[in-house]
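The values are calculated or read from the model by the stated rules, or taken from the named source; none is laboratory data. Since we're looking at a predicted model, the values are computed, not measured. So basically every Cβ, Gly included, is an ideal-geometry build from the backbone, and we count neighbours across all protein chains shown.
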């Protein structure tokens, strides 16, 4: 019998480095799979449909919502983001550990459905550092950077109450090790370990 | 300001390999310190007073209890074991991560005093394997082995309800990695991470 995989909610301000940390962690965690979200935002240069996101029109997105095909969805700044339900359920049943890289609104909705979800929030060492990283990316106009910073502060406050783990991404290799350790430790949680009390 | 260390309760049947796993983990966790228990049991060949245990007479032990010098103590089979309180408090304040290698009775008492204690229980892959390990040690008569096996079953049942983590010691290197991951993950627990929300 396959042990069901872990459902991992991985949140944190845009620009904090979630994708890089996941990339590093995937080298050590062979069952780790990242959920590809559905979004109505336009692709950034280099982003591939079906790989980075499923890019959909607002009309198509709303149809998916109506058909119950999204596990959660949320409006963030000007666009919508959602998690495809069927894919999550299939992969978990097959024993994969699934990462949902979603905001705290979505995280709360997922945890309501999966109370054992592993909730991880990643923070920059300081908010000043986060601003620097957002500006350095150079893909967003200034007012979007400012709105993302405000959103980050709000998310941090929720995460302090609602998330299990906080990873401080000061240096990527350390943050990767933290992420990997959390997954390994969670597999040792009492409810997840099967004990054989038969004395044979 | 020094971040206080973790208090780790590490329990599991006698013979399951706790000492070896701690030895391996200490190579990776430089702040890890093991508490030296006070005991009334006689030293085994090679054991050093003050290093493996503080060996004391029953009279001396009872005096320590009366003076409140033990954080917890318990009778296990024919002897008493206790944890020196002052040492634990000093080391935690200095930021060391402390391991108390104690039975589940003691573990429950420690958690009552330190609700944030990290509770880890180690199990053998099967009870048959545990018997083999106890017999292989050859330092105990058969009836002691039988009593230890019965005690192990009782402890397992409590651990399934009361402990956070269960490490299955099938192979030592894997069990060491589990232990190290748990400590690293626990340092990322939300309550233990200090967030700087000042935007400077």
By residue number, the members of segment B:150-161 that are touching a helix residue (DSSP H, G or I) at 6+ places or on another chain (Cβ under 8 Å) and touching a residue at least 60 places away in the same chain (Cβ under 8 Å) are B:152, B:155, B:159
Of the conditions (1) touching a helix residue (DSSP H, G or I) at 6+ places or on another chain (Cβ under 7 Å); (2) within 10 Å of chain B (Cβ to nearest Cβ); (3) at pLDDT below 85, the single one that residue A:164 does not satisfy is (3)
Taking first residues from segment A:111-126 that are in contact (Cβ under 8 Å) with a residue 24 or more places away in the chain and more than 9 Å from chain B (Cβ to nearest Cβ) and second residues anywhere that are buried (at least 23 other Cβ atoms within 10 Å of the Cβ) and assigned to a strand (DSSP E or B), the pairs with Cβ under 6 Å that are 6 or more apart or on different chains are A:114/A:7; A:117/A:7; A:117/A:9; A:118/A:8; A:122/A:167
Reported set for segment A:162-181 where residues are buried (at least 19 other Cβ atoms within 10 Å of the Cβ) and outside any helix (DSSP H, G or I) is A:163, A:164, A:165, A:166, A:167, A:168, A:169
Within segment A:127-147, the residues that are away from chain B (no Cβ under 13 Å) and touching a residue at least 24 places away in the same chain (Cβ under 8 Å) are A:133, A:137, A:139, A:144, A:147
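From B:159, B:112, which residue is touching a strand residue (DSSP E or B) at 6+ places or on another chain (Cβ under 6 Å), within 25 Å of residue B:33 (Cβ to Cβ) and part of a helix (DSSP H, G or I)?
Testing whether each residue is touching a strand residue (DSSP E or B) at 6+ places or on another chain (Cβ under 6 Å), within 25 Å of residue B:33 (Cβ to Cβ) and part of a helix (DSSP H, G or I) leaves just B:159.
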By residue number, the members of segment A:116-127 that are over 15 Å from the mean Cα position of the chain (by Cα) and either crowded, with 16+ Cβ neighbours inside 10 Å or modelled with pLDDT under 80 (or both) are A:124, A:126, A:127
